[in-house]
Amino acid sequence: MIAKAILAIAPYILEVLSPIARNIGYKVGEAFGNKSQKYRDILIPDPNNSSDSTEIEQAKQRYSQEMLEYAKAKNVRDNELLKLTIAQTARRIELQEQQQQDRLKLSALQRDLMRELQAKDIQVKLTEIQTIWDKDTWFSKLNREETKQILLEQQHRLLILLSPPKISKRCPETFCEDLPIEMRSVGDFLRQHYPQQDVLRPVKFYSDYFTESIGDIDVERLQRILSPVPTTILYSDISDYAVTFRVGFWGFLNNQEVSLFSTKVFDWEEAKDALLASGISEKKALRMIRQLIVAIHKLLAGFLADLYYLNIDPCYEPQLFNLKDELAQDGLAEELVKPYFDILQDIQRRQGEQYEQELKKLIEQVEAERLSQASAKAEAQRKQQIEEAAKAEAQRKQQIQEASAKAEEQRKQQIQEASAKAEAQRKQQIQEVSAKAESQRQQQIEEKFLRKSHSFKCVKTLNGVGMSSFDCVVISPDGKTFASNSSANFSQLWNLHTGELIRTFSWHSGAVNCVAINPNGTTLAGGSYDQQIKLWNLETGQEISSIKGHSFLIWSLAFSPDGETLASGSQDNTIKLWNLKNGEEIRTLTGHSESVFSVVISPDGNTLVSGSYDNTIKVWNLKTRQEIRTLTGHSDSVFSVVISPDGQILASGSGDNTIKLWNLKTGQEIRTLSGHSDYVNSVVISPDGQIIASGSGDNTIKLWHLKTRQEIRTLTGHSAKVNSVSFSPDGNTLVSGSFDGRIKIWRCDG
């Protein structure tokens, strides 16, 4: 439904984003394309005329000399690369790394020179601050001390300022209260992908520099103070029906004047109506629109940062190219941000062409110098060859003497080694016989295990009446029955051996998302879209109790080994622990920033693990109810977590199509299992701790050897994504639930 909703409003977003990308790209690209002076004049822009022409020329001469040295070294490396064979990979990589290091060194020099040339301009501005502050009362709304620190900063970097959005009082309350808070994530985005300490793309970001929203005139006022510092300002206006995104910047190339741009009006009210028509609730629709507003600010900030560093560094690789997936998660699909990528690629191409032309001229200069020195070098080489021939003869005589002495020493050593070797071989033979016997025993065990794994086959397919999807299946502890959830408001109990439907539990006012059976097999728990947990007697089918407490739908449930505690994970980003004796809440565990999709409790009952839409796994101490650690490594949502029977290994399935194995005690990642071509929705470990089964959005179930971390077999048969898998207590039966509305029972020979 979310994907359908995003498609519904995509035309509104594209209409807003595309024109501003073209306008900004055209202005910067045209300015660059019209440059006719030497490339060093482009790469070392003039300051605001405070530095004298001698200082500027010296800086450019210094940079030209470094470019010449760089060109010489590059020419030597390129010639060597042409002579290398395909097999000489190590040397090829070494030369490429040297090339990268030299380029970074040249880029660092360029930024140092730019900062040195700005020094006088900055000193002038520092002396003018008092006068400007007293003359214009608007500046009293800014942070004066921070302004001084910005000017005094020694590192060359792009400054990005985010103004609070100007929001009409007639906007929904959630815009006025939540949007300014959510806009802070723009800073998190820049600090993660454009950190200030980065040598390639440093960005200094402020979201609290302005005490209130600003307009175009305020941007031009601020440029009077910060003109020596390349700066981008993002600000926006939000009326009761539309949003206008605005951008102002200066300091790109040699242009110190303010450039102001604004988007077409984004009619958020029409977008909201489109979302409502697609089936999204009004609350969710407003949240999605706020998320899009924040995402567009991220896109503009990243685009302008890349545009700035691309224009001062011809070899710069835009970071935005690596952020397609992250922007897509925020609602900006690839086709919506494509105009920004196209513009960056076009300017990157132009930069590269001019840069290569300049390097070609320098290399031709180097080649001319080389030819002029060729004859002198040839004579020097002839003399050196004569000297080397004499030296070689002396070495030959010395080698003959050393070889004779070495041969005698080797003969004695060989006698000693032969004796020691014979004794070592005797001991080794004894060890090998013993090791071989053990190896054969282990091989027999392994062969039996593989035969069992390869014998899994589908013995029954159960069609759910009126079911569009089975999202959760779980086998009872006695191995006789299993329970399944329902996309309607009930769950079902089945006979594991015959596949017959035993009982239907009609209980909730919304879809049942997850089910769990307690360790002694007497109680069924179900979590629902209606935010309730219901407990049922499996034998009689009678409802035991109903538990309420979550503020959003419940995704996952897990019983403690003693059956006295139930853990629940919810879309409200929390995990709740419940006392099943009295139905009261024990504790709410907070820490995840998104929905909690999966919870599991360790066999000893001391540890709880949770997987979340925020791409993280959290490990909790159930005795203290405190977080122990957060595991990061997945690049997408964590849909399923499971702990091995011995409590040593944690397995996690993710939307990044992988399964990761972790040491539960230390939190260290052990291995990543790759093989699925779509989301891994469910992982389960066999009771003997040997097999991992994984259900995926690629419609398959894969079996993995936990010891070797190798894929054993792929089970096919479902026609849609596999949402859930569950092992029987003896490990010989596997049940799978799928989006195709079917349950399959798989068995092996045992």
Does the stretch 454-464 contain at least one residue that is in a strand (DSSP E or B) and open to solvent by less than 50 Å² (accessible area, probe 1.4 Å)?
yes
Do we find a residue being within 19 Å of the chain's Cα centre (by Cα), among the hydroxyl-bearing types (S, T, Y) and farther than 19 Å from I517 by Cα anywhere in the stretch 729-747?
no
In the stretch 491-530, anything open to solvent by 40 Å² or more (accessible area, probe 1.4 Å) and under 22 Å from N681 (Cα atoms) is listed as Y529
Looking at the stretch 465-476, which of its residues are in contact with a strand residue (DSSP E or B) (Cβ under 7 Å, 6 or more places away or on another chain) and open to solvent by 60 Å² or more (accessible area, probe 1.4 Å)?
D471
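Only one of these is closer than 21 Å to L14 by Cβ, crowded, with 21+ Cβ neighbours inside 10 Å and out of contact with any helix residue (DSSP H, G or I) (no Cβ under 7 Å at 6 or more places or on another chain): L292, L307, L275, L300. Name it.
Result of the check over L292, L307, L275, L300: L300.
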Examine the stretch 632-646 for a residue that is over 24 Å from the mean Cα position of the chain (by Cα) and not in a loop (DSSP other than H, G, I, E, B), and state whether such a residue exists.
yes
I need the strands (runs of 3 or more DSSP E) fully contained in the stretch 176-257, keeping only those with at least 3 residues that are open to solvent by less than 50 Å² (accessible area, probe 1.4 Å), of a type outside the set (A, V, I, L, M, F, W, C) and in contact (Cβ under 8 Å) with a residue 60 or more places away in the chain.
231-238
Can you name every residue in the stretch 731-750 that is closer than 15 Å to S486 by Cβ, open to solvent by less than 20 Å² (accessible area, probe 1.4 Å) and outside any strand (DSSP E or B)?
G741
Members of the stretch 106-161 that are of a type in the set (A, V, I, L, M), touching an Asp or Glu at 6+ places or on another chain (Cβ under 8 Å) and open to solvent by 20 Å² or more (accessible area, probe 1.4 Å):
L109
Test: E282 is modelled with pLDDT of 85 or more and of a type in the set (D, E)
yes
Number of positions in the stretch 602-651 that are at positive phi and either in contact with a strand residue (DSSP E or B) (Cβ under 7 Å, 6 or more places away or on another chain) or free of Cβ contacts under 8 Å to residues at least 40 places away in the same chain (or both)
3
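Does at least one position in the stretch 288-302 carry a residue that is at pLDDT 90 or above, charged (D, E, K, R), more than 23 Å from S635 (Cα to Cα) and assigned to a helix (DSSP H, G or I)?
yes
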If I ask for residues that are among the β-branched types (V, I, T) and surrounded by 14 or more Cβ atoms within 10 Å (Cβ to Cβ), which ones from the stretch 537-585 would you list?
I544, I547, I554, T565, T574, I575
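Can you name the residue in the stretch 648-657 that is open to solvent by 20 Å² or more (accessible area, probe 1.4 Å) and not aliphatic (A, V, I, L, M) and is also nearest to T607 (Cα to Cα) among such residues?
Q648
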So which pairs qualify, if the first residue must be in the stretch 282-294 and among the basic types (K, R), the second must be crowded, with 19+ Cβ neighbours inside 10 Å, the Cβ gap must be under 6 Å, and the two must be at least 6 apart or on different chains?
R290/L179
Give the stretch 661-700 a look and list any residue that's open to solvent by 20 Å² or more (accessible area, probe 1.4 Å), polar (S, T, N, Q) and in a strand (DSSP E or B), or say none.
N663, T672, S674, N681
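What are the residues in the stretch 303-344 that are among the acidic types (D, E) and outside any helix (DSSP H, G or I), if any?
Within the stretch 303-344, D313, E317, D330 qualify.
The values are calculated or read from the model by the stated rules, or taken from the named source; none is laboratory data. Keep in mind the model is a prediction, meaning the values are calculated, not measured. All Cβ positions, glycine included, derive from the backbone under ideal geometry; neighbour counts span all protein chains shown. Each accessible area value is taken on the protein alone, full model and side chains, heavy atoms only, with ligands, DNA and RNA left out. Shrake-Rupley method; radii C 1.70, N 1.55, O 1.52, S 1.80 Å.
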